[in-house]
Amino acid sequence: MSEIIFSCNALTKKYGKNTALDSLSFELGRGSIVGLLGPNGSGKTTLMKIANGLLQPTEGEIKIKGMPVGTGTKSIVSYLPDCMSLPEWMRIRELVKFYCDFYADFSAQKAEEMLGNLGLESETRFKTLSKGNKEKVQLILTMSRNAELYLLDEPMGGVDPATRDYILDTIIAGYSENSTVVISTHLIADVEKILDTVLFIDKGRIVRSDSVDNIRSNEGKSVDALFREVFRC
Amino acid sequence: MKWNFDNNMPIYSQIIEQIKLFISSGDIGAGERLPSVRELATDAGVNPNTMQRALSELEGTGLIFSDKTRGRFVTEDAELIARARRELAQKSISGFLNYMHSLGCTKEEIFSLIKDCEGDDDNE
Amino acid sequence: MLGKLFKYEFKALSRKLIPFYILVLLLALIHSVFTGFTQGSDILKDYTMLALAYGVMFSLFVISLFAVSIFTFIVIIQRFSRNTLGKEGYLMHTLPVSAASHILVKIVTATVFYIIDAAICVIAVLMLSAGMGANFGRMLEAAAEGIKELPPGTFIFIANAAVMMILATSYSITSIYTAMSIGYTSNSHKIASSIGVYLLIYVIHNMLSQALLQIMMPALTKHAPADIGAAAYMKFMNLWFMGINVFLIAMIAVLFAVCCYFVKNKLNLE
């Protein structure tokens with residue numbers, strides 16, 4: 001099994017005069033939890049969308065497990081988008097069945113267990129759930145896949161601290177040496193401890209790439225504190 | 001187990017300290033089997049790789065050892081545990097003494113302040 | 001995977017459309033029973049309230065036939081807008097399924113529902129006729145007699161006509177989907193742009209049809225039936241319709257390719 005699961009080569013995305021991603025190049029190995037940290041508009045979501053085939057780059061490419069983005073990569077990448085993407089009319093058990101139907105690596109048992117732990121009934125319609133519960137359901141479905149790459153776009157945006165802890169615990173529990181999780185967020189203090197590596201992204205460029213512990217030993221401060229320094233307004 | 005993390009120090013070294021604390025205080029008994037890396041990581045809220053690194057370093061000190069099939073265990077060596085406990089206490093004391101000296105306290109003042117505190121504790 | 005896409009597409013559309021269709025049939029049933037009941041008696045002349053109720057019922061029935069077609073149209077467009085080009089697109093386009101599969105499934109299911117919609121309207125009207133005392137038995141007998149008299153090639157003609165109607169429906173749906181997939185690349189004027197592109201497609205289609213007709217005209221007049229017999233006429237019409245069908249298939253294929261291109265490369269999910 002190859003060590004590099006994700007590679008980005010001179011990736012550029014321009015919207016007219018606006019450059020969202022500026023010749024981005026980096027590689028990610030298996031078995032790590034990576035933080036993609038940057039302020040709003042830095043290009044995090046654009047990068048994730050390109051990795052999922054929802055946007056085409058202007059130049060450059062992304063390769064996942066050596067393959068260009070396509071149906072091959074989509075079957076090994078589990079994506080949690082920034083917004084609510086699940087059909088509101090479906091019941092929870094129908095959503096589980098949906099994932100089962102399309103993803104060979106989906107574990108209905110795992111999903112049902114996690115949903116049960118949260119007291120979410122399978123007959124409930126998605127639209128009747130609270131925002132926090134909707135986020136949890138989306139996350140549970142995403143993490144119940146046995147994917148090789150997880151791309152989570154702002155998984156903790158807009159939820160209370162207890163839910164954030166639950167999300168982080170779910171991510172740690174889902175960890176395997178075979179797979180890599182990329183979390184894009186600007187809520188760094190919460191997420192810092194579960195990360196191996198962090199990538200600071202600003203205006204479509206990687207401005208810093210290091211492990212959390214290295215940053216703490218070298219800078220003598222947390223990644224959160226360093227972030228505030230680097231991205232001071 | 002109650003984990004306490006400081007924001008500014010590397011996480012793996014804090015994990016090592018914390019586990020030493022748990023062993024020294026008896027939270028995890030001598031010879032006891034440790035939970036799996038994943039369980040410990042989830043409990044502490046840290047990255048499993050970081051936890052793995054910390055545990056490997058601890059194995060180096062002898063405080064924990066790993067049995068290939070049965071997992072990781074705390075040492076039965078009471079002497080080793082006592083020494084670790086002493087080290088942690090000394091580190092804390094030296095930090096305390098530095099602070100007291102920066103306040104300008106003399107050795108006698110320090111002792112009498114401690115006695116007063118103990119006295120208050122007894123009364124409570 | 002295609003089968004599963006079909007399953008979910010049917011599910012999503014039927015849960016909105018089937019209740020409406022059942023309602024229409026119920027209205028037709030009520031109305032035809034009512035009609036049958038009041039037929040042949042003077043009860044309506046005696047009770048103006050009843051006559052009024054009957055009038056209202058009839059109006060509702062007619063409105064419901066129009067409404068059901070409009071409703072089908074709206075539901076189909078809404079589905080494409082939300083599921084392929086909207087928020088649900090984040091879920092759908094990250095499935096390990098090609099954009100072409102998504103669009104093909106949508107075109108086929110939409111066509112099927114349009115056919116069901118037409119069938120519902122026909123059934124409703126038949127139910128109404130039954131209420132008015134139409135004798136289907138006698139009508140079928142007369143039809144069976146008539147069929148014997150029909151010129152050869154009539155059944156092919158009917159088949160061709162049926163295929164043409166289905167293709168025309170699919171073509172209409174495909175051009176709407178293509179217009180939307182292009183129009184939605186705009187950030188702020190999605191609907192206006194889609195309508196604009198649709199009109200453009202319509203104009204181009206018309207121009208092409210006219211052009212083809214001009215080209216085909218001399219050839220057609222050359223091969224026009226020498227005798228004015230029904231059989232030759234039928235043969236001519238069959239060729240004509242088959243030509244139209246081929247043209248429609250070609251147009252659908254072109255639009256399908258354009259739609260796939262835009263959905264794959266120019267997707268603009270908010």
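The values are calculated or read from the model by the stated rules, or taken from the named source; none is laboratory data. Everything quoted here is computed from the prediction, not taken from an experiment. A quick note on method: Cβ atoms are made from the backbone with ideal geometry, for glycine too, and the neighbour counts reach across all protein chains shown.
It is to be established whether one or more residues within the stretch C:63-73 are within 26 Å of the chain's Cα centre (by Cα), within 18 Å of residue C:33 (Cα to Cα) and touching a residue at least 24 places away in the same chain (Cβ under 8 Å).
Yes, the stretch C:63-73 contains a residue that is within 26 Å of the chain's Cα centre (by Cα), within 18 Å of residue C:33 (Cα to Cα) and touching a residue at least 24 places away in the same chain (Cβ under 8 Å).
Yes or no: residue A:196 within 8 Å of chain B (Cβ to nearest Cβ), over 20 Å from residue A:138 (Cα atoms) and acidic (Asp, Glu)? Give the derivation first.
Working: within 8 Å of chain B (Cβ to nearest Cβ): yes; over 20 Å from residue A:138 (Cα atoms): yes; acidic (Asp, Glu): yes.
Considered against the rule, which asks whether it is within 8 Å of chain B (Cβ to nearest Cβ), over 20 Å from residue A:138 (Cα atoms) and acidic (Asp, Glu), residue A:196 comes out as yes.
In this structure, does residue A:177 turn out to be acidic (Asp, Glu), at pLDDT below 90 and either within 19 Å of residue B:49 (Cα to Cα) or part of a helix (DSSP H, G or I) (or both)?
So residue A:177 fits the description; yes.
Determine whether residue B:1 is part of a loop (DSSP other than H, G, I, E, B) and closer than 29 Å to residue A:219 by Cβ.
yes
So that you can scan it fast, the table gives a plain yes or no per residue for (1) closer than 24 Å to residue C:155 by Cα; (2) among the aromatic types (Phe, Trp, Tyr); (3) at pLDDT 90 or above:
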| site | (1), (2), (3) |
| --- | --- |
| C:191 | no, no, yes |
| C:221 | no, no, no |
| C:225 | yes, no, no |
| C:265 | no, no, yes |
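Return the pair list, or none, for Cβ contacts closer than 6 Å from residues in the stretch A:80-91 that are more than 8 Å from chain C (Cβ to nearest Cβ) to residues that are surrounded by 15 or more Cβ atoms within 10 Å (Cβ to Cβ) and of a type in the set (A, V, I, L, M), at least 6 apart or on different chains.
A:80/A:152
Among what's in the stretch A:70-79 and is at the interface with chain C (Cβ under 7 Å from one of its Cβ atoms) and in contact with an Asp or Glu (Cβ under 9 Å, 6 or more places away or on another chain), pick the residue that is nearest to residue C:98 (Cα to Cα).
A:75
Select from the stretch B:30-76 the residues that are hydroxyl-bearing (Ser, Thr, Tyr) and in a loop (DSSP other than H, G, I, E, B) and write down the one among them that is nearest to residue B:1 (Cα to Cα).
Quick first cut of the stretch B:30-76, residues hydroxyl-bearing (Ser, Thr, Tyr) only: B:36, B:42, B:50, B:56, B:61, B:66, B:69, B:75.
Still in the list and also in a loop (DSSP other than H, G, I, E, B): B:36, B:69, B:75.
Values: B:36: 14, B:69: 25, B:75: 19 Å.
Here the answer is B:36.
Might you check whether a residue that is out of contact with any strand residue (DSSP E or B) (no Cβ under 6 Å at 6 or more places or on another chain) and within 30 Å of residue A:64 (Cα to Cα) occurs anywhere in the stretch C:73-81?
Yes, the stretch C:73-81 contains a residue that is out of contact with any strand residue (DSSP E or B) (no Cβ under 6 Å at 6 or more places or on another chain) and within 30 Å of residue A:64 (Cα to Cα).
In the stretch B:4-36, which residues are within 21 Å of residue A:216 (Cβ to Cβ) and more than 7 Å from chain A (Cβ to nearest Cβ)?
Filtering the stretch B:4-36 down to residues within 21 Å of residue A:216 (Cβ to Cβ) leaves B:4-21.
Hits for the stretch B:4-36 are B:4, B:6, B:13, B:14, B:15, B:16, B:17, B:18, B:19, B:20, B:21.
Based on this model, can you work out whether residue C:14 counts as touching a helix residue (DSSP H, G or I) at 6+ places or on another chain (Cβ under 7 Å) and surrounded by 14 or more Cβ atoms within 10 Å (Cβ to Cβ)?
Taking the combined requirement at face value, the residue does not satisfy it.
Of the residues A:188, A:171, A:206, which single one is within 10 Å of chain B (Cβ to nearest Cβ) and touching a strand residue (DSSP E or B) at 6+ places or on another chain (Cβ under 7 Å)?
A:171
Can we say residue B:39 is surrounded by fewer than 18 Cβ atoms within 10 Å (Cβ to Cβ), within 14 Å of chain A (Cβ to nearest Cβ), of a type in the set (D, E, K, R) and over 23 Å from residue A:169 (Cβ atoms)?
Taking the combined requirement at face value, the residue does not satisfy it.
Can you tell me which condition residue C:217 does not meet? The list is (1) at pLDDT 90 or above; (2) loosely packed, with under 11 Cβ neighbours inside 10 Å; (3) of a type outside the set (Asp, Glu), and all the others hold.
(1)
Looking at (1) surrounded by 17 or more Cβ atoms within 10 Å (Cβ to Cβ); (2) in contact with a Phe, Trp or Tyr (Cβ under 7 Å, 6 or more places away or on another chain); (3) small (Gly, Ala, Ser); (4) away from chain A (no Cβ under 14 Å), which one does residue B:54 not meet, given that it meets all the others?
With (1) surrounded by 17 or more Cβ atoms within 10 Å (Cβ to Cβ); (2) in contact with a Phe, Trp or Tyr (Cβ under 7 Å, 6 or more places away or on another chain); (3) small (Gly, Ala, Ser); (4) away from chain A (no Cβ under 14 Å) applied to residue B:54, the lone miss is (4).
Give all pairs with beta carbons closer than 7 Å in which a residue from the stretch A:1-20 that is closer than 11 Å to residue A:60 by Cα meets a residue that is of a type outside the set (A, V, I, L, M, F, W, C) and in a loop (DSSP other than H, G, I, E, B); count only pairs at least 6 apart in sequence or on separate chains.
A:11/A:57; A:12/A:57; A:12/A:58; A:13/A:57; A:13/A:58
Identify, from the list B:23, B:16, B:64, the residue that is within 12 Å of the chain's Cα centre (by Cα), under 30 Å from residue A:178 (Cβ atoms) and crowded, with 16+ Cβ neighbours inside 10 Å.
Only one candidate passes the filter, namely B:16.
Can you find, within the stretch C:61-93, the residue that is surrounded by the fewest Cβ atoms within 10 Å (Cβ to Cβ) among those that are within 30 Å of residue C:264 (Cβ to Cβ) and among the hydroxyl-bearing types (Ser, Thr, Tyr)?
So, considering only residues that are within 30 Å of residue C:264 (Cβ to Cβ) and among the hydroxyl-bearing types (Ser, Thr, Tyr), the one surrounded by the fewest Cβ atoms within 10 Å (Cβ to Cβ) is C:81.
Just give me the residues in the stretch B:81-99 being touching a residue at least 12 places away in the same chain (Cβ under 8 Å) and aliphatic (A, V, I, L, M), in sequence order.
Passing the criteria: B:81, B:84, B:88, B:97.
With respect to the numbered conditions (1) farther than 16 Å from residue C:90 by Cβ; (2) without any contact (Cβ under 8 Å) to a residue 60 or more places away in the chain; (3) assigned to a loop (DSSP other than H, G, I, E, B), which one is the sole condition not fulfilled by residue A:40?
Every listed condition holds for residue A:40 apart from (2).
Given the conditions (1) more than 8 Å from every other protein chain (Cβ to nearest Cβ); (2) surrounded by 15 or more Cβ atoms within 10 Å (Cβ to Cβ), and given that residue A:222 satisfies all but one, which numbered condition is not satisfied?
Only one criterion in (1) more than 8 Å from every other protein chain (Cβ to nearest Cβ); (2) surrounded by 15 or more Cβ atoms within 10 Å (Cβ to Cβ) is unmet by residue A:222, namely (1).
I need the full set of residues from the stretch A:209-219 which are assigned to a helix (DSSP H, G or I) and either among the hydroxyl-bearing types (Ser, Thr, Tyr) or away from chain B (no Cβ under 11 Å) (or both), in order please.
Correct list: A:217 only.
Across the stretch A:156-168, which residue is nearest to residue A:29 (Cα to Cα) among those that are more than 13 Å from chain B (Cβ to nearest Cβ) and under 13 Å from the mean Cα position of the chain (by Cα)?
Per the stated criteria, the residue is A:156.
Can you find a residue that is touching a residue at least 24 places away in the same chain (Cβ under 8 Å), farther than 30 Å from residue C:93 by Cα, assigned to a helix (DSSP H, G or I) and of a type in the set (Phe, Trp, Tyr) anywhere in the stretch C:249-264? Break it down stepwise before answering.
If we filter the stretch C:249-264 for residues that are touching a residue at least 24 places away in the same chain (Cβ under 8 Å), which is where we start, we get C:249, C:251-252, C:255-256, C:258-260, C:262-264.
Applying the additional criterion that residues be farther than 30 Å from residue C:93 by Cα yields none.
Among the residues of the stretch C:249-264, not one is touching a residue at least 24 places away in the same chain (Cβ under 8 Å), farther than 30 Å from residue C:93 by Cα, assigned to a helix (DSSP H, G or I) and of a type in the set (Phe, Trp, Tyr), which makes the answer no.
Any residue in the stretch C:87-105 that is closer than 19 Å to residue C:170 by Cβ and facing chain A (nearest Cβ under 9 Å) sitting within a Cβ distance under 7 Å of a residue that is assigned to a helix (DSSP H, G or I) and among the small types (Gly, Ala, Ser)? List the pairs, counting only those 6 or more apart or interchain.
Pairs found: none.
Could you please find all residues in the stretch A:43-69 being more than 11 Å from every other protein chain (Cβ to nearest Cβ), polar (S, T, N, Q) and assigned to a loop (DSSP other than H, G, I, E, B)?
Selection gives A:58 alone.
Taking the stretch A:153-167 only, how many residues are modelled with pLDDT of 90 or more and surrounded by fewer than 24 Cβ atoms within 10 Å (Cβ to Cβ)?
2
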